[in-house]
Amino acid sequence: KIVQERLAHQDVVERGWLLDGFPRTGPQAMALKRQKIEPDRFILLEVPDQILVERCVGRRSDPTTGKIYHMTFNPPPPEIVDRLVQRSDDTAEAMGKRIVMYHNNVSAILGYYSAVARRINGLRGKQEVFEEIKQFIHGSIPYDLSGLPPRKPIPTPEQ
């Protein structure tokens, strides 16, 4: 109901919407479908479980600026390290539970969205992942659940 109410706001009607990490279960996907809330695109970022845990447990936020850091992949400046905080659920144990839930539910969710989905390799660099997502959203690369990178267009004779 919360999602349905928010999607009815004028800014969403005009600009569109993105749901990050939702739906998480088949029943949630079914509830969205019953409410006629259906995405034009569905992105499945693929990252091995152990990498997800590593990304999660190293995450820290700066309460002063709101900026997010990663202690290995995007380290903070040394002078602010002491004020950084870690979310209480950014632990290996909590992430393990989320990963199990994901694996138990992903097939049911994809059953609703496979016709509009693209599997994207989340192990590549941020810019490369971003570019593929952007191309998919804008319709310049197709739906595809194989996880393979997008094919380069065949050049025309003029090229």
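The values are calculated or read from the model by the stated rules, or taken from the named source; none is laboratory data. This structure is a prediction, so every number in the text was calculated from the model and none was measured. FYI the Cβ positions are ideal-geometry reconstructions off the backbone, even for glycines, and counts take in every protein chain you see. Side chains are part of the model used for accessible areas, which takes the heavy atoms of the whole protein and leaves out ligands, DNA and RNA. Shrake-Rupley method; radii C 1.70, N 1.55, O 1.52, S 1.80 Å.
What the table shows:
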| read-out | value |
| --- | --- |
| Largest-first ordering by accessible area, 1.4 Å probe, given options SER107, SER114 | SER107, SER114 |
| For the chain, size of Cβ-based charge dipole, Lys and Arg +1, Asp and Glu -1, in debye | 360 |
| DSSP bridge orientation in the chain - percent antiparallel, rounded to nearest 5 | 45 |
| Taking the convex hull of Cα positions in the stretch 27-103, its mean projected area over all directions (nm²) | 7.3 |
| With DNA, RNA and ligands ignored, accessible area of ILE43 (1.4 Å probe; Å², nearest 10) | 60 |
| Sequence-distant lysines (8 or more away, or on other chains) whose Cα lies within less than 25 Å of LYS33 | LYS1, LYS134 |
| Positive minus negative residues near PRO23 (Lys, Arg vs Asp, Glu; Cβ under 14 Å) | +2 |
| Accessible surface ranking that places the most exposed of ARG87, ARG59, ARG34 first, with a 1.4 angstrom probe | ARG34, ARG87, ARG59 |
| Relative contact order %, the stretch 1-75, counting alpha carbon pairs below 8 Å whose residues are six or more apart | 15 |
